[in-house]
Amino acid sequence: MQFSLKSAAAESLATPCLIVGLFEGGKLPASAHALDQASHGYLSKVAKSGAIEGRAGQVQLLFDVPKAAAERVLLVGLGKEKDFGLRAYRKATVKAARTLSEAGVKEAVSTLPLLDVKDADAYWLVRHAVEAAEEAGYRFDQFKGQSKDKPRPALQKLTLLVGRDHGKAAEEGLRAGSAIAAGVALTKNLGNLPPNVCTPSYLADEARRLAKGSKLKVTVLEAAQMKKLGMGALLAVASGSHQPPKMIIMEYHGGPKGQKPHVLVGKGVTFDTGGISIKPAQSMDEMKFDMCGAASVFGTLKAVMAMGLKMNVVGIVPSAENMPGGNAARPGDIVSTMSGQTVEILNTDAEGRLILCEALTYAERFKPATVVDIATLTGACVIALGNVVSGLLGNNERLVQGLKAAGEKAEDRAWQLPLYEDYQESLKSNFADFANIGGREAGAITAACFLSRFTKNLAWAHLDVAGTAWKGGGEKGASGRPVPLLVQHLLDQA
Ligand code: BES
Ligand code: MN
Ligand code: ZN
C-alpha cells in the first residue's frame, strides 16, 4: 500500500473516500466538526438516525454528502469516547481499510490520525495507522491454484491527515510504521508457508535473500560444524529428519564497531511432530508454525534494515525438523551440549529448548548487550495467557521491564511470569546434569528454567509466543507477533 501525509481541511479534499470516526452515542469527534458544518449537519443527522451508533466495528458508507469534495464518506465506529485508546484506534483503521477494499475503493483519505488519543502524538497515530492498514490488506494466497479469488481491487493508496505542526513526527511515524509492517508481513509469510517448503534449508536461503544488497552478514553452520562445536542437543532434535539442521547467524552492523550488539534468538522448528513422543493428530498441521520465533527474527531484522538503525543487531536461528524415525532421539537419551552440560531427553516433544540452548551458548561469542529469545515453546503458556499476551521471563529485570514497556507502546503486549529459583528443582535428572522437562505444573516457567541454565553469562529474556504467534480456527494464519514488540525494544536501545 502507498501512504502519504497531508494537512488540509477534510471537507475540501477531493478523494474517492474520506474516512471519519464516530463515537458511541452518535458523537462526532472534533476533527469532523468542520465537515459536519459544511454539510449543514448531514453527518450529525446520519448519526442521530440510528443508522450507525458509533460502536466499535460498525461502519456506514455515505454517498453525496452535501458540500464535501469527497465522493464518499465512510463513518467508522470508534466505541466509547472515554475508553478510546490506541487499541480501539487501530481496530477502527483496520475495519475502515477492510470495508473499503471490499467495496472496491482504491484510494482514500483518513481523518482518524487527527483524533485525540491519550498519550499518543502524531508519530504514534501515523505509525499505528500504517501498521493497521497493512494488517487489513495482508493476504497469503500464493498457494491457491484454481480457487484463487479474482484479484480484488483492494485499497492501494491511503492519505493520512495530520495537523499542520506535526510534520516531522508524522514523517517519522510513517517511516517506522512502514518498516514494522514490512517486517510483520515477512514474518507472516514465512510462518504461513507449508512445512514441505519451509525447511531449515529454506530459512537459510531466506537469510541470504534478506542479506542481498544490504549490510547483513550471513553465516550458516552445518551439521558437521555443530558436531565440532559440541551441539549435541540440536543434533538430537534433527536426527529423526531427512532435512539437515541449520544454525543461521545474521549480523547487522549499523552501529560503531565494537559496540555491543543486541542478540535475537528465534526457535526455528519447521515442523514439530513431537518426535518419538509423538503428538496427537488433531491440529498437528499447526506445528508448521513452530518456526514463528525464527520468522520474527527475520522480520525484525528486515524492519531494522529498513529504518537503518544505528546499532548492532545479531539474529541467531537454530533450525531443525522434529520427526520420528529410526535415527530419532529416544526418551532416555542423554546428549551433551556446547555448554558442557549434559541433558537427559525425557520427552522428545520438548525440542525447542534443546535447539535454543545451543544457540544461546553460541550467542556468548558476540559479547552481547542483551539477548532475547523468541519461541513457540510451550502449550502451557497458551493455557496460562491465551492468545492475548506473550509470556515473558528473564534473568535481568531491567531487560524484562523494558520488553514489557516496549510491548505496551507497540500494541504487542507481553506479561511477566516468575523465574524463581524454586522452579529449578523440577528439572532434576538421576542420570544427567538435568532433564529437558519438568513436571506437568508451571510448564512455561520450567521451560524457561531450562534455558536459564545456558544464559548465566548473559542479560537474557525469553518470549514464549506459543499463544500469540499465530491464530488457529477459521482465521488460521501467522500474526507477525512479536515483531512490533522487538522492533520497539531495539528502537528504545538505539
Ligand atoms: N511447539 C510446542 C509448543 C506448542 C504446543 C506451541 C501447542 C503451541 C501450541 C513445543 O515444542 C512442545 O511440544 N512443548 C511441549 C513441552 C512438554 C513436552 C514439556 C508442550 O507444551 O506440550
Ligand atoms: Mn514439541
Ligand atoms: Zn515445538
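Dipole check for the stretch 15-130: with +1 at the C-beta of Lys and Arg, -1 at the C-beta of Asp and Glu, and the Cα centre as origin, the magnitude is about 240 Debye.
In terms of overall dimensions, the C-alpha atoms belonging to the stretch 105-258 reach 61, 53, 30 Å along their principal axes, ordered largest to smallest.
Largest first and in whole Å, give the semi-axes of the stretch 124-183's equivalent ellipsoid, each being the square root of 5 times a Cα gyration tensor eigenvalue.
Values: eigenvalues 183, 30, 8 Å².
Calculated on Cα positions only, the semi-axes equal 30, 12, 7 Å.
Think of the chain as having a plus end and a minus end, set by charges on the Cβ of Lys, Arg, Asp and Glu; of GLY439, VAL218, ALA170, ALA170 sits farthest toward the positive end of this dipole. Annotation: for a label point projected 7 angstrom from Cα along Cα→Cβ of SER4, residues of the stretch 53-84 with backbone N closer than 19 Å are 69-72. For the stretch 1-113, the solvent-accessible area works out to 46 Å² per residue, with a probe of 1.4 Å and every protein chain left in place. Using the Kirkwood radius built from alpha carbon pairs, what does the Stokes-Einstein equation give as D for the stretch 220-357 at 25 °C and 0.890 mPa s, in µm² per second? Reported coefficient: 156 µm²/s. When nucleic acids and ligands are ignored and a 1.4 Å probe is applied, TYR138 ends up with an accessible area of around 60 Å². Each listed q (0.21 Å⁻¹) maps to a log10 I(q)/I(0) for the stretch 1-134, found by the Debye formula over equal Cα scatterers with no solvent: -1.36. Protection proxy ranking, highest mean first, for peptides 78-91, 182-195: 182-195, 78-91, where packing is the per-residue count of other beta-carbon atoms within 10 Å, averaged. Surface composition of the stretch 396-446: carbon plus sulfur atoms hold 48% of the accessible area, using a 1.4 angstrom probe and ignoring ligands, DNA and RNA. Summarised in one figure, the compactness ratio Rg/Rh of the chain, Cα atoms and Kirkwood Rh, is 1.03. Could you check the simple spin-label distance between LEU61 and GLU421, using points 7 Å along Cα→Cβ, in nm with one decimal? Modelled inter-label distance: 6.4 nm. Surface exposure of the stretch 257-385, expressed per residue as accessible area with a 1.4 Å probe, stands at 32 Å².
The alpha-carbon atoms of the stretch 278-342 define a convex hull whose volume equals 124 cubic angstrom per residue.
Accessible area of PHE143 (1.4 Å probe, protein heavy atoms only, ligands and nucleic acids ignored): about 110 Å².
A crude spin-label estimate for the pair ASN457 and SER429, with each label 7 Å from Cα along the Cβ direction, gives 2.1 nm. The spacing between the stretch 338-401 and the stretch 6-64, judged by their C-alpha centroids, is 48 Å.
Using the heavy atoms of the protein chains and a 1.4 angstrom probe, tell me the accessible area per residue for the stretch 415-494 in square angstrom.
Numbers: 3520 Å² over 80 residues.
Counting only protein heavy atoms, the per-residue value for the stretch 415-494 is 44 Å².
The values are calculated or read from the model by the stated rules, or taken from the named source; none is laboratory data. Quantities reported herein were computed from a predicted structural model and do not represent experimental measurements. Glycine also receives a Cβ, built like all others from the backbone with ideal geometry; neighbour counts cover every protein chain displayed. The accessibility values were calculated without ligands, DNA or RNA, using every heavy atom of the protein model including side chains. Shrake-Rupley method; radii C 1.70, N 1.55, O 1.52, S 1.80 Å.
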